[in-house]
Amino acid sequence: MKHLLKMLDLSKDEIIDILNLADQLKYELAHGMEHKHLAGKTLGMIFQKASTRTRVSFETGIYQLGGYGLFLSSHDLQIGRGEPVEDTARVLSRYLDGIMIRTFDQEEVETLARVGSIPVINGLTDFCHPCQILADLMTVREHKGALEGLKMAYIGDGNNMANSLIVGCLKVGMAVSVACPADYRPDPQVLEFAKGYGDQFLLTEDCLAAAKDADVVFTDVWASMGQEGEAEKRRLAFAGYQVNAELLSAAKPDCMVQHCLPAHRGEEITADVFEAHADEIFDEAENRLHAQKAVMVTLMQD
Ligand code: CP
Ligand code: NVA
């Protein structure tokens, strides 16, 4: 594994290896054990979109590993004034040991990896959010003890989260059902991938059918970053695609709820469901730190 660009690129073994290392790093941190596996290494963190969790967990993570993180806002970089991503890749490869990038176009991340000579980590694009899914899988495994055989239900927009969740969960042996409006389906490439899993995958417009007997219910905002102008139209399109008490009554009684955050209470999730499952949701947010440290060690250690 040279980069983390999208879940489609990872094998099941690579995913499980990262989760195992993440568990180990979490244990080492909790027990005050030294784990400076990336001493002296530098990670550049390019942000073309806002972030709370991704920025803070990467910056803290590289510091805990003995390295240094540079926050690079696209407003300040020449990339924001039109310098080609290819040139940025070649320049940054001369200074840094790794790059994390959050941007719009998946192609930009792929180009950075192709042209540069250092590992690239996708910190979210319009297409996918692999770091989030690794943290989600880690959290589900912590709470449920295993992944294989569980059912994940995703309710809402067929967006970057849905695209990554479908691929990641199917690869580790979970069944996945997705409920979304017909005009907001996941990416065709992802649906093509899911087809290969037969009845392990269900795409429906019926939220209750998707949630039926689920072990985990996942949701995300109706309007993602960059879609602010469509927020009103989307509010209408997604009415009914909400994680609420009625929806959870179709799931297993011990069903977990996951949300990548930030959450919009009263839209994709009700406040009461959010609060009832807050421990699981904030465990998931915490696990961003541990999962991403595992990714950095896997990609950047000598
Ligand atoms: N879930 C997530 O990626 O959060 P941020 O947008 O705050 O980084
Ligand atoms: N789908 C959301 C996820 C945020 C972590 C977005 O892209 O804004």
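Quick rundown of the values:
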item: Length-normalised contact order for region 211-263 - Cα pairs under 8 Å, 6+ apart - percent; result: 63
item: All lysines inside 19 Å of K195 as judged from Cα atoms, apart from same-chain residues fewer than 8 positions distant; result: K6, K12, K151, K171
item: The chain - percent relative contact order, Cα under 8 Å, separation 6 or more; result: 21
item: Cα-Cα pairs of the chain separated by more than 32 Å (percent); result: 24
item: Under-5 Å amide H pairs with W222, H placed in peptide plane, nonlocal only; result: E268
item: Charge context of S74, other residues only, Cβ under 12 angstrom, K/R +1, D/E -1; result: 0
item: Accessible area of region 1-129 divided out per residue, in Å², using a probe of 1.4 angstrom; result: 48
item: Surface share of carbon and sulfur [accessible, 1.4 angstrom probe, percent] for region 79-230; result: 48
item: Mean separation of Cα contacts under 8 Å, 6 or more apart, over the residue count of region 186-302: relative contact order %; result: 26
item: Accessible carbon and sulfur surface of region 244-285 relative to its total accessible area, %, 1.4 Å; result: 53
item: Sites F282 and E246, calculated FRET efficiency, Cβ-Cβ separation with R0 22 Å, nearest 0.05; result: 0.35
item: Selection from H37, V216, Y184 lying farthest towards where the dipole of the chain points positive, charges on Cβ; result: H37
item: Solvent-accessible area per residue, Å², over region 147-234 with all protein chains present [probe radius 1.4 Å]; result: 38
item: Rounded to the nearest 20 debye, dipole of the chain from Cβ charges on Lys, Arg, Asp, Glu; result: 580
item: Ordering of 67-78, 219-230 by burial proxy (mean other Cβ atoms within 10 Å per residue, highest first); result: 219-230, 67-78
item: Region 146-302: C-alpha gyration tensor shape, a/c 1.5 cut-off, then a/b vs b/c; result: rounded
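The values are calculated or read from the model by the stated rules, or taken from the named source; none is laboratory data. Note that the structure is a prediction, hence the values are computed from the model and not measured. Using ideal geometry, Cβ is built from the backbone for each residue, glycine included, and neighbour counts are taken over all protein chains shown. Accessible surface areas use protein heavy atoms only, side chains included; no ligands, DNA or RNA. Shrake-Rupley method; radii C 1.70, N 1.55, O 1.52, S 1.80 Å.
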